[in-house]
1. What is the sum of charges, Lys and Arg at +1 and Asp and Glu at -1, for the other residues whose Cβ falls under 14 Å from the Cβ of HIS180?
2. Scan around ILE5 for amide H atoms under 5 Å from its own, H built in the peptide plane at 1.01 Å from N, and keep only partners 5 or more places away or cross-chain.
3. Rounded to the nearest 5, what % of DSSP beta bridges with both residues in the stretch 2-193 are antiparallel?
4. Amide H to amide H, which residues 5 or more places from ASN107 or on other chains are under 5 Å from it, using H placed in the peptide plane?
5. Want the number for GLN54 to HIS120: 0.36 nm per residue separation, take away the alpha-carbon distance, what's left?
6. Take the alpha carbon atoms of the stretch 114-172, find their center, do the same for the stretch 1-51, and report the distance between the two centers in whole angstrom.
7. Tell me, what ³J(HN,Hα) does each residue in the stretch 9-14 have, in order and in whole Hz, if you take phi through Karplus 6.51 cos²θ - 1.76 cosθ + 1.60 with θ = phi - 60° and put x for Gly and Pro?
8. In percent, how large is the relative contact order of the chain, given Cα pairs closer than 8 Å and 6 or more residues apart?
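Throughout, read-outs are computed from the coordinates displayed, never taken from laboratory work. This one's a predicted model, so the numbers in the text were calculated from it and none came from an experiment. Reconstructed Cβ throughout: ideal geometry from the backbone, glycine too, with neighbour counts over all protein chains shown.
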Amino acid sequence: MKVTIVFSSGTGHNLEIARWVEDEAKKMGAEVRVRKVDELSIPAELNPGQAIYQEAARNIEVASPEDIAWADTLFFSTPARFGTLSAAMKNFIESQVGLWAQGQLANKVVSAFATAQNSHGGQEQAVLSIYTSMMHWGAIIVPPGYTNDVLYGAGGNPYGVSGSADRNGFSQDIEDAVRHQARRTIEVSKKLNS
Ligand SMILES: Cc1cc2nc3c(=O)[nH]c(=O)nc-3n(C[C@H](O)[C@H](O)[C@H](O)COP(=O)(O)O)c2cc1C
């Protein structure tokens, strides 16, 4: 299994999700790449925690088309920004048009996560906005649905586990649910790619 995890983040919560997925994928024996996208510039005073995040992510490589072409399984994690995926993540997704033209994006197994500050701040729509592009890729979307009790405690978003997160951290514990979604996606991918 080759897994690429692409995250967008201004203040670190989606990096945290990416790390949980990375850990779970490695436990399942996958080769894993964790990659960030190039973020838009937001004034620091409007995005508390940005400087701490940027330092934490300093050594993480920026995602490239080769990271997408390499993987059979893809995870995306994005903050909700005014109701959709971040512009930075959208920019990255659009940048894969060369792979799309070569037919290299079809049949990638994908799953997505999102965070927002509020409990109803756009997480579901952020996940769905990623999945809309994935349908155009011909990717195979693996949502968590309600396949495990652990999902209920994480808010029960069946599209992709999501959390409410601000400068005080996550308002509910979503780690086990993120790990479940990661495992389920990789298990499906193993069946499809064996
Ligand atoms: C430009 C911008 C727009 C945002 N829009 C919303 C929003 O509409 N609703 C919401 O609840 N949070 C919104 N947020 C907050 C982020 O979604 C939230 O803090 C998220 O958990 C950040 O994830 P990160 O730490 O990985 O950057 C916005 C943040 C920014 C910078």
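1. Working: positive: LYS27, ARG179, ARG183, ARG184; negative: ASP23, GLU24, ASP149, ASP173, GLU175, ASP176, GLU187.
Spelling it out: positives minus negatives among the neighbours equals -3.
2. Close amide H contacts, sequence-distant or interchain: ARG33, VAL34, ARG35, PHE75.
3. Numbers: 3 of 27 bridges.
Taking every DSSP beta bridge within the stretch 2-193, about 10 percent pair in antiparallel fashion.
4. For ASN107, the qualifying residues are ALA139, ILE140.
5. Values: separation 66, 0.36 × 66 = 23.76 nm, distance 2.63 nm.
Taking GLN54 through HIS120 to full extension adds about 21.1 nm, to one decimal.
6. The distance from the Cα centre of the stretch 114-172 to that of the stretch 1-51 comes to 15 Å.
7. 7, x, 9, x, 5, 6
8. Values: 392 pairs, mean separation 44.2, N = 194.
After rounding, I find 23 percent.
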